[in-house]
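See below for the structure under consideration.
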Amino acid sequence: MHEQVRTGSSDPIRLEILLPGIRFSAWRWSPPAGIESAGRRLAILHGVTSSSLAFDGVARAIAGDGWTVDALDLPGHAGTRWTDDAGEPLADQDAVDRSVYDLAHVGALVAAAVRALPGPVRGDARHGGEGDPDGYPASQPGSPVVLGHSWGAGVAVMAVDAGMATDRLVLEDPPFLTPDQGAEMADGFRSELGAGFDEAVAGRVGDDEMQARDPAHTSPLAADAITRGAPWDPVGLLAGWRARHPDLRVDVIAGDASVGGLIPADMLRVLRAALGTERVHELPGLGHSPHREDPARFLEVLRRVIE
């Protein structure tokens, strides 16, 4: 199933990907008119209590370089919905077992969703193809670079384990914390939301035009299950994962831990040892969301690592 929503030549189109038990919502930014396609793809996975449209500015910039950019709303967030056996959205999105937010399970769902993304669509024309009942090809040439922010970085890592083909991973400030640090962060997050959980989560939206048009909403169950269920053993996770995927390029764009970044100095040393010094890119003075805090600096690094 594929839906398009356009208000201008540089606006994205909306995509829906129907899988058993879930209907993913995604947005696609294509190279604007007059820009030659580079034949490259970027898939973006946002963090907890965020949405795909939080990356609108980044996506427009990369599409302007000739890339096709897809950003998924992850389970429990924004337009993505859990569904019944008939493919219809559940009336109560919290009427699911909290285990559906297990990181490995979400990674497997995302791997399937990325595989199911249609081929590039330019302008308002539907992409004709054979082998799909809606007229879209079952696969597309080239594996995407995958950018994951925060929780989305962990999802990206697990999606690779589940068979997602990718050219390389770019992880923006993943919560690379010790178990004690991770527990403290999760407790602080839940305390910040407090009694007004629904209102607080629903209010975590960007103030740009695209985000205002489709505000982020996070299922209370999702936010709670994700923060309580996060695997706070990143060193062990990385060691096992790297042994399974020794040749996959992984770059980390790290925020500054002194202003809210989630990779302490000792963990940066672990990442450099595991991935290579040249694969860890620090952004001093920026916190946990460099793509939002200083898009120009973030894009400078992102463009360098994806070329």
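Observations on the model:
- Neighbours by Cβ (under 6 Å, 6+ apart or cross-chain): first from the range 150-165, under 22 Å from residue 261 (Cα atoms); second assigned to a loop (DSSP other than H, G, I, E, B): 150/47; 151/47; 151/48; 152/46; 152/47; 153/174
- Candidates are the residues of the range 37-47 that are among the hydrophobic types (A, V, I, L, M, F, W, C) and either surrounded by 23 or more Cβ atoms within 10 Å (Cβ to Cβ) or without any contact (Cβ under 8 Å) to a residue 12 or more places away in the chain (or both); the one that is farthest from residue 154 (Cα to Cα) is 42.
- Taking the listed residues 109, 42, 103, 74, the one that is touching a His at 6+ places or on another chain (Cβ under 7 Å) and under 29 Å from residue 301 (Cβ atoms) is 74, with no other qualifying.
- Residue check, residue 72 in contact (Cβ under 8 Å) with a residue 60 or more places away in the chain and not polar (S, T, N, Q): no
- Residue in the range 69-82 that is more than 20 Å from residue 112 (Cα to Cα) and at pLDDT 95 or above present: no
- Checked against (1) part of a loop (DSSP other than H, G, I, E, B); (2) of a type outside the set (A, V, I, L, M, F, W, C); (3) in contact with an Asp or Glu (Cβ under 7 Å, 6 or more places away or on another chain); (4) modelled with pLDDT of 95 or more, residue 6 meets all criteria but (4).
- Checked against (1) modelled with pLDDT under 90; (2) buried (at least 17 other Cβ atoms within 10 Å of the Cβ); (3) within 25 Å of residue 273 (Cα to Cα), residue 231 passes all but a single condition, namely (2).
- Filtering the range 27-36 to residues that are surrounded by fewer than 24 Cβ atoms within 10 Å (Cβ to Cβ) and either of a type in the set (A, V, I, L, M, F, W, C) or touching a residue at least 40 places away in the same chain (Cβ under 8 Å) (or both) leaves 28, 30, 31, 33, 35.
- Here the range 119-156 is the region considered, the condition is being surrounded by fewer than 22 Cβ atoms within 10 Å (Cβ to Cβ) and closer than 19 Å to residue 305 by Cα, and the residue that is modelled with the highest pLDDT is 143.
- The helices (runs of 4 or more DSSP H) found entirely in the range 215-307 that carry 1 or more residues being within 18 Å of the chain's Cα centre (by Cα) and not hydrophobic (A, V, I, L, M, F, W, C) are 220-229, 290-293, 295-306.
- If you go through the range 258-267 and keep only what is more than 13 Å from residue 284 (Cα to Cα) and either without any contact (Cβ under 8 Å) to a residue 40 or more places away in the chain or exposed (fewer than 12 other Cβ atoms within 10 Å of the Cβ) (or both), you end up with just 266.
- Annotation: of all residues in the range 9-30 being touching a Phe, Trp or Tyr at 6+ places or on another chain (Cβ under 7 Å) and in a loop (DSSP other than H, G, I, E, B), the one that is modelled with the highest pLDDT is 21.
The values are calculated or read from the model by the stated rules, or taken from the named source; none is laboratory data. The structure presented is a predicted model; accordingly, all values stated were derived computationally and were not measured. In this analysis, Cβ positions are derived from the backbone assuming ideal geometry, glycine residues included, and neighbour counts consider all displayed protein chains.
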